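The values are calculated or read from the model by the stated rules, or taken from the named source; none is laboratory data. As the structure is a computational prediction, the values presented were derived from the model and not from experiment. Here the Cβ positions follow ideal geometry from the backbone for every residue, glycine too, while neighbour counts run over all protein chains shown. What goes into the accessible areas is simple: the full protein's heavy atoms, side chains included, and nothing from ligands, DNA or RNA. Shrake-Rupley method; radii C 1.70, N 1.55, O 1.52, S 1.80 Å.
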Amino acid sequence: MGYDKVTVPENGEKIRFVDGKMIVPDNPILTFIEGDGIGYDIMTASKRIWDAAIDKAYHGQRRVAWMEIYCGEKAASVYDGNYMPEETFDALREFKVGIKGPLTTPVGGGFRSLNVTLRQVLDLYQCIRPVRYYNGVPSPLKNPQEIDIVIFRENTEDIYAGIEFEAGTPEQAKLEKFLREEMGATGFVPGSGLGIKPISEFGSKRLIRAAIRYAIDRKRKSVTLVHKGNIQKFTEGAFQRWGYELAATEFPEQTISWAEVEKHHGGKVPEGKVLIQDTIADIMFQKMLLRPSEHDVIATTNLNGDYLSDAIAAEVGGVGIAPGANVGDEVALFEATHGTAPKYTNLDKVNPGSLLFSGVMMLEHIGWFEAADLITRAYERTIERKIVTYDFARQMEGAREVRTSEFATAVIDNMSA
Ligand code: NAD
């Protein structure tokens, strides 16, 4: 398809899907959105590292053809004030895989969050947040190396559906009347603001299915369904029930529930099976501090996942290095999980870790594991040598604080160390 402002690289080929399977050429076109604020600094540094690792791992046999697409402030300057041009969606649909820096959400004026719009329009229903410890990274925990968790957060339902009615409005009054008079729901203060939380079987199952497939493919030990089903029986409770049901019907050979393990296997998970277990959301926060090694892949509803992913990320280095991805059936958009940190714009100062590791996830997504591992190891070596950006430098004794670009050079140098 033809594009107005986007230049499609001539030296690259499209990633395609055939019968639901992704076909990745050796010179895939990957899209990137630079991002606002610190976006330029972290994207420039990270692209140097990704390219160096790919070159080193595959000796020129594989190479990314980068294609810039636009969103946010840069889009507004390229497309005459349009923050979210239609051809950005078209390019993501056509080229399937992309990575983005942080985007400013202008406050007020009925402006929808660009991030939320991208997820909704492209139906990116899985928010995937791996959280693991890298040697040398400052952490408040005694044993942070026990954390190696991948969170699958449902990305389209729950209170994020935005079905809310403000106190004092005619809509609220109408709904309140309906609830009291027709549904017999009387246990709330008259005139309360009202919110509705939709959780569907379709939405829950497609998210849990993706989490279980990931656990099977990556040889993970368990999938924990995290929910608040003790209070919200027909939304959170149903999520849990649908999860067990799905595992039993679609993955009977590869998975086993905790109830079966106790009943038939003396409490020991049989070799080669992924354990399906569940936990109430509030207890999960305690477990993530006290016994994180008992959990592996987590599948959870939207709001629980929102809280949990930031809380667990804070245990192993915080938003500066936590990566993320929003994934649909074909389109996958990897992203830095922090914001635009506007006061650091173009200072060449911030930590590129979050975007860098989102790119590592992207390399794993397309099956380029060798390049991904090279980056992870070189990053660890760099941190162990205490070469870090300002945010880690202030938490580490004896650290050498470097600029974003210098940090990238150090990681690249450490690929051959
Ligand atoms: P922020 O994440 O931009 O910054 C908060 C603080 O975190 C910064 O001042 C800085 O101290 C630290 N920080 C963030 N990224 C860092 C990095 N890479 N290295 C080191 N330190 C880092 O959050 P905010 O100030 O609340 O939001 C600023 C803007 O970003 C807003 O417009 C907001 O809407 C937007 N935002 C975008 C995304 C996204 O694109 N996914 C996410 C959150 C916020």
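Details
- Averaged over its residues, the chain has an accessible area of 46 Å² per residue, based on protein heavy atoms and a 1.4 Å probe.
- Mean projected area of the convex hull spanned by the Cα atoms of the stretch 106-265, taken over all viewing directions: 15.2 nm².
- Here the dipole of the chain is about 880 debye; that uses its Cα centre as origin and unit charges on the Cβ of Lys and Arg (positive) and Asp and Glu (negative).
- Cβ-Cβ FRET estimate between residue 405 and residue 260, R0 fixed at 51 Å, reported to 0.05: 0.45
- Beta bridges per DSSP with both ends in the chain, % antiparallel, nearest 5: 40
- Across the stretch 32-156, the fraction of Cα-Cα pairs farther apart than 18 Å, rounded to a whole number, is 66%.
- The stretch 123-280, dipole about Cα centre (Lys/Arg Cβ +1, Asp/Glu Cβ -1), debye to the nearest 20: 620
- Of all DSSP beta bridges confined to the stretch 1-159, the antiparallel ones make up roughly 55%.
- Note on the stretch 83-193: Cα Rg divided by 2.2 N^0.38 Å, N the number of residues, gives 1.60.
- For the stretch 197-285: rounded, prolate or oblate by the Cα gyration tensor [a/c cutoff 1.5]: prolate
- At 1.002 mPa s and 20 °C, Stokes diffusion of the stretch 319-402 via Kirkwood alpha-carbon radius, µm² per second: 153
- Put simply, the convex hull of the Cα atoms in the stretch 255-381 casts, on average, a shadow of 10.9 nm².
- With the alpha-carbon atoms of the chain aligned to their principal axes, the span from lowest to highest coordinate is 66, 60, 50 Å, starting with the largest.
- DSSP-defined beta bridges in the stretch 205-356 - what % are antiparallel, rounded to 5: 30
- As an equivalent ellipsoid, the stretch 262-322 spans semi-axes of 26, 13, 11 angstrom, where each value is the square root of five times an eigenvalue of the C-alpha gyration tensor, largest first.
- Reported to the nearest whole Å, the Cα centre-to-centre distance from the stretch 83-153 to the stretch 15-53 is 14.
- Most mobile of 395, 277, 172 in a GNM of the chain (Cα contacts under 10 Å): 172
- Amide H partners (placed H, <5 Å) of residue 336, local residues excluded: 100
- Placing unit charges on the Cβ atoms of the charged side chains and taking the dipole of the chain about its Cα centre, the candidate lying farthest along the positive direction among 307, 350, 410 is 410.
- You can think of it this way: the chain between residue 231 and residue 169 has 19.5 nm of extra reach, that is 0.36 nm per residue less the Cα-Cα gap.
- The stretch 5-96: proportion of alpha-carbon pairs further apart than 23 angstrom, %: 32
- Mean ellipticity per residue at 222 nm, deg cm²/dmol - from DSSP H runs of n ≥ 4 across the chain, formula -39500 (n - 2.57): -11500 deg cm²/dmol
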